[in-house]
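These notes are about the structure you will find just below.
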Amino acid sequence: MKICLYGAASRNIDKSFTDECYKLGAEIAKKEHTLIFGGGDTGIMGAVSQGVIDNNGKTVGIAPEWIDDFEKLSPNCSEFIYVDSMDERKNLFLEKSDAFIIAPGGIGTLDELFEILTLKKLKKHDKEIIIFNLNSYYDKMIEMLNEMDEKRFLNTTFELFKIANTVDDVLNYLE
């Protein structure tokens, strides 16, 4: 399975997040899945990809070359695809991935999450979306989404995503 990971590239993340995300990467590799990600070498992205790499797994980074001005790109990807824009990157994430894991992240991660959720709601894909709610990171966002649904702004008749609180939960949803 090709699994797309959305997550932070920030170097200032608490170690409890990156340690657990490294374990996620290790498990992705052990299950012989391929990691598709934004190519970052730091933060959540870096931790997950390093977990995959250290366990002989395959990683595919996708990023515009200019992003290197903002975050260090991983030199150790099995494959790296350079694109011209963030939109092109997101389109390739959708095209090349079988499932999505949304790990803790910032506004870029939220942009990617809401786009992939919107596309699923509009039936442009039917791929699994798993929000990795590590350390209760996404509790307030999930609460907001539930309120939107309760007040009929989403009018969701099907489940758009799963919520996982542990690495094991994430992997169970992928099986």
Worksheet, complete the sentence: Sparse-neighbourhood loop hits (GluC sites (Glu not before Pro), segment 1-45; DSSP loop; Cβ within 10 Å at most 11 others) -> Glu32
Discussion item. Tell me the per residue accessible area of the chain using a 1.4 Å probe; a whole number in Å² is fine.
Written reply: 52 Å²
Fill in: 10 Å Cβ shell holding at most 16 others, DSSP loop, trypsin sites (Lys or Arg not before Pro): longest site-free stretch of the chain
73-122
Worksheet item: On a 0 to 90 degree scale, rounded to 10, what angle separates helix 15-30 from the longest Cα axis of the chain?
Response: 80 degrees
Fill in: Sulfur and carbon atoms: percent of accessible area, the chain [1.4 Å]
47 percent
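The values are calculated or read from the model by the stated rules, or taken from the named source; none is laboratory data. Owing to the predicted nature of the structure, the values given are computational and were not obtained by experimental measurement. Counting neighbours? That spans all protein chains shown, and the Cβs are built from the backbone with ideal geometry, glycine included. Ligands, DNA and RNA are excluded from the accessible area calculation, which covers all protein heavy atoms including side chains. Shrake-Rupley method; radii C 1.70, N 1.55, O 1.52, S 1.80 Å.
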